Number of protein chains: 2
Amino acid sequence: MSRRGHGKVTVLAGGVGAARLLRGLAPLVPRGQLTIVVNTADDDVFYGLHVSPDIDTVLYTLAGLSDPVRGWGLAGDTFHGLEALRRYEHDAWFQLGDRDVATHLFRTRLLRDGIPLSQVTALQARGLGVGARVLPMSDDAVRTIVETTGGRRSFQEYLVRDRARETVRSLTYAGSRGAQPAPGVLAAIEEASLIVIAPSNPLVSIAPILAVPGLRQGLRRAEAPVVAVSPLIGGRPVKGPADKMMRALGVAPTPSGLADFYHDVLDAMVIDTADRAHLAKLEGRGVAATCLDTLMRSLGRSTAVARAALALGATVREQRNLAS
Amino acid sequence: MSRRGHGKVTVLAGGVGAARLLRGLAPLVPRGQLTIVVNTADDDVFYGLHVSPDIDTVLYTLAGLSDPVRGWGLAGDTFHGLEALRRYEHDAWFQLGDRDVATHLFRTRLLRDGIPLSQVTALQARGLGVGARVLPMSDDAVRTIVETTGGRRSFQEYLVRDRARETVRSLTYAGSRGAQPAPGVLAAIEEASLIVIAPSNPLVSIAPILAVPGLRQGLRRAEAPVVAVSPLIGGRPVKGPADKMMRALGVAPTPSGLADFYHDVLDAMVIDTADRAHLAKLEGRGVAATCLDTLMRSLGRSTAVARAALALGATVREQRNLAS
């Protein structure tokens, strides 16, 4: 396949890892062909504001406004409001930048007025000048609940407040059973020529998306190859507690473990050179694989990883065409 | 009267004019003796946030945090959030600083949780280190509705968005009939040794307070002298559209017009030297009066005006004692 004409691309995305891939991928896919289905199970209410961390990270990244160091929020943002809030709330532990607050204010008000999250997100994408279509996985509330050795936590409590120090016993995606995919999500999966699972935490970013009724079936039925980009490099994630969580929940923090986890939907995987020993194992179980340096520390590296995912998808498609 | 021992002082207050007086008055009244009953009929919801402009101006002033130039908001505040919000809402006309937003976020959340405004305000006063007791006139919603030649406006629409350019036809204090004074308001009037009507717009800052059932009667019955500080200097307010509004509604923008407006509750008035011609008229109708330079352009001038109000109150009390 040439680099052109890969058709519609749909990405299942969490936060930072997905954003690193997307900044490389978005420029390679023609405007209007890229849909990003974003995890919302990390959403939470802070200071009365509805915060959608993964949607914001994706939007800010695609708008070229994300903070390159922190991995969340807006570049150059200030924290005057948070500092002032601590006069009233001494234990205000969730950080919100002043510019970032505007995103949450707008979202909170519209949601309260009954406008679904998918529409709010579309308005925000337009306001930020984002060309790609960004869809929440669902307009219904799905929340990751983390049962740890210390008790029940919301995901942000576990990750941000408690810094992921507690051992995870189980995860539930509360509300997922009754949730519906947001408008456009199933069609984006059905009509895609390539589906990419971003290098996000499989347990708390991708699994909640797959837990929305219809999503997993849609992926299984999809004509497009499903290519995962591994978030692991030599058994560790670039950021966050994915490896600890995977181990605690019986998922090996390796490409093979990941392939097990995604077994029923996965066709191919992009892995890091550090994990090249897994290439044969993956191929042995029918998962096409390619390896390269996946640490996306620059736009150039993001572009290279995105190209590898597109190329791997094209290869799988070609092989299918030959076989049929 | 000595400057000490004037007992409890209760101030009826609007925004900027009241704040100018209060920065002079607060240091003259021992901690715990000063209660400020604040107009809340200017309150409004912006971007989903409950904004109480007069409460904030009073709190910020007493905390020494108010912006000395703008007359509203916090000194040195930034407006990054508002600027960011305009990406989503192009016509965001109500200005909120980043630090200021924290006040509204806290208030909005607590009100939504069912905590009354008076308790929220007490928590905010404590957070800001304000020693005086700041009470909203009511925990119930009272809203000034401005009927102008152009249509019906909220007060902030009339004042801020439309810059008070439209001619006012009538004012209503919607909700006032069913409102109750906030806890502590009537007691603060009853127990006061001096009641001061701050140099605020009589029609939109003081009248809504007087419109809360029980307030006006409380002032009439109060033992303490009621001393108004005129907001007018030579027929014009220092800031805002008070004169235009007064004229439009048939109230002369003079100390005499003000005395008419407050007729049933007023005992005395502090007026500006520019209006000294009104001294005799006021005395002639039984309103004790004193004049000095009331333009409070410095803390020193605020202190002088506050002292004049305290002294005038003491004089009225002494005369009453002599008469009885």
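We did not get these values from a lab; they are worked out from the coordinates using the rules stated. Fair warning: this is a prediction, and the values are worked out from it, not measured in the lab. Note: ideal-geometry Cβ built from the backbone for every residue, glycine included; neighbour counts use all protein chains shown.
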*Can you pull the one-decimal nm distance between simple spin-label points at A:GLN95 and A:GLN119, each 7 Å off the Cα toward Cβ?*
3.5
*How much net charge surrounds A:THR121 when only other residues with a Cβ under 13 Å from its Cβ are counted (Lys, Arg +1; Asp, Glu -1)?*
-1
_Net charge around A:ILE189, counting only other residues with Cβ within less than 11 Å of its Cβ (Lys, Arg = +1; Asp, Glu = -1)?_
+1
*Quick one: of the DSSP bridges fully inside the stretch B:4-158, what percent are antiparallel, nearest 5?*
45
*Looking only at the stretch B:13-37, which residues have a backbone nitrogen under 19 Å from a spot 7 Å from the Cα of B:LEU292 in the C-beta direction?*
B:17-30
_Most mobile listed residue (A:PRO225, A:PRO53, A:PRO27) in chain A, GNM with C-alpha springs under 10 Å_ = A:PRO27
*asked:* Mean-square fluctuation check for chain A, GNM, Cα pairs under 10 Å: which of A:SER154, A:SER170, A:SER118 is largest?
replied: A:SER170
*asked:* Using only the alpha-carbon atoms, how far is helix A:117-128 inclined from the longest principal axis of chain A? Give it as 0 to 90 degrees, nearest 10.
replied: 90
*Expected-Rg normalisation [2.2 N^0.38 Å, Cα atoms] applied to the protein assembly as shown*: 1.24
*In peptide A:103-110, what is the residue-averaged number of other protein chain Cβ atoms found within 10 Å of each Cβ?*
6
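Let me know the mean shielding of A:76-86 by other chains, meaning the per-residue number of their Cβ atoms within 10 Å of its Cβ.
Mean partner-chain Cβ count within 10 Å for A:76-86: 6.
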*Which order do the peptides A:57-68, A:283-294 take when ranked by the mean count of other beta-carbon atoms within 10 Å per residue, highest first?*
A:57-68, A:283-294
*Take chain A, connect every pair of alpha-carbon atoms lying under 10 Å apart with a spring to form a Gaussian network, then pick out the residue of A:ARG220, A:ARG163, A:ARG153 with the largest mean-square fluctuation.*
A:ARG163
*In whole angstrom, note down how far apart the Cα centers of the stretch A:228-278 and the stretch B:255-313 are.*
78
*asked:* Can you compute the helix-only [θ] at 222 nm over chain A? Use -39500 (n - 2.57) per DSSP H run of at least 4 residues, normalise by all residues, nearest 500 deg cm²/dmol.
replied: -10500 deg cm²/dmol
_Given points 7 Å out from each Cα along the Cα-Cβ axis, report the B:ALA323 to B:ARG126 separation in nanometres with one decimal._
4.3
_Inter-label distance, nm, simple model (7 Å from Cα along the C-beta direction), A:ALA187/A:PHE79_ = 4.2
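Considering only the other residues whose Cβ falls under 14 Å of the Cβ of B:ASP264, what net charge follows from Lys and Arg at +1 and Asp and Glu at -1?
+2
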*Neighbouring partner chain Cβ atoms per residue of B:123-130, average, 10 Å criterion*: 2
*Where N is the number of residues in chain B, Cα Rg divided by 2.2 N^0.38 Å*: 0.95
*In the stretch A:9-323, what percentage of the DSSP-assigned beta bridges are antiparallel, given to the nearest 5?*
40
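Ranked highest first by the average count of other Cβ atoms within 10 Å around their residues, in what order do A:303-312, B:200-209 fall?
In descending order of packing, they fall as B:200-209, A:303-312.
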*asked:* Place a point 7 Å from Cα of A:ARG152 in the direction of its Cβ. Which residues in the stretch A:161-180 have their backbone N less than 15 Å from it?
replied: A:169-176
